[in-house]
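What follows is a short report on a single structure.
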Amino acid sequence: MDERAAQFFLSVGRLCADARIGGLTVRLRLAEGEDVVGVPYPPPQTDGPDEVDGTGYADSVTVDGVAVTLSDVVEATVRHPGRG
């Protein structure tokens with residue numbers, strides 16, 4: 001995985017962690033075209049074989065109870081809470 005791709009996954013992990021703190025809704029678009037929308041749980045941080053290429057995040061995130069493979073995410077957005 002190149003450095004830019006690793007930075008993308010790190011950014012998605014941070015976005016999910018920060019959105020969870022504020023109870024904000026995120027939308028994750030997956031490689032297959034599916035969208036997963038909801039309030040995320042923070043991705044588990046890890047050091048080891050489940051880590052996404054040295055990012056410090058496991059290759060998983062849960063959004064509104066749906067488990068998503070972080071490396072399948074191609075786009076991530078966060079919604080303003082007052083402009084739903």
Tell me which residues, restricted to the range 1-29, are closer than 14 Å to Val61 by Cβ and open to solvent by 90 Å² or more (accessible area, probe 1.4 Å). Arg14, Asp18, Arg20
If I filter the range 30-62 down to residues being modelled with pLDDT under 95, among the β-branched types (Val, Ile, Thr) and not in a loop (DSSP other than H, G, I, E, B), which single residue comes out as least open to solvent (accessible area, probe 1.4 Å)? Val61
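For Gly13, indicate whether it is within 8 Å of the chain's Cα centre (by Cα) and modelled with pLDDT under 90. Don't jump to the end; show me each part of the working.
Working: within 8 Å of the chain's Cα centre (by Cα): yes; modelled with pLDDT under 90: yes.
So Gly13 passes the test.
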Single residue of the range 63-84 satisfying the filter (modelled with pLDDT of 90 or more and of a type in the set (Gly, Ala, Ser)) that is nearest to Arg29 (Cα to Cα): Ala76
Looking at the structure I just gave you, is Ala5 among the small types (Gly, Ala, Ser) and at pLDDT 90 or above? no
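The values are calculated or read from the model by the stated rules, or taken from the named source; none is laboratory data. These figures come from a predicted structure and were not determined experimentally. Neighbour counts run over all protein chains shown; Cβ positions are idealised from the backbone, glycine included. Surface accessibility is based on the protein's heavy atoms, side chains included, excluding ligands, DNA and RNA. Shrake-Rupley method; radii C 1.70, N 1.55, O 1.52, S 1.80 Å.
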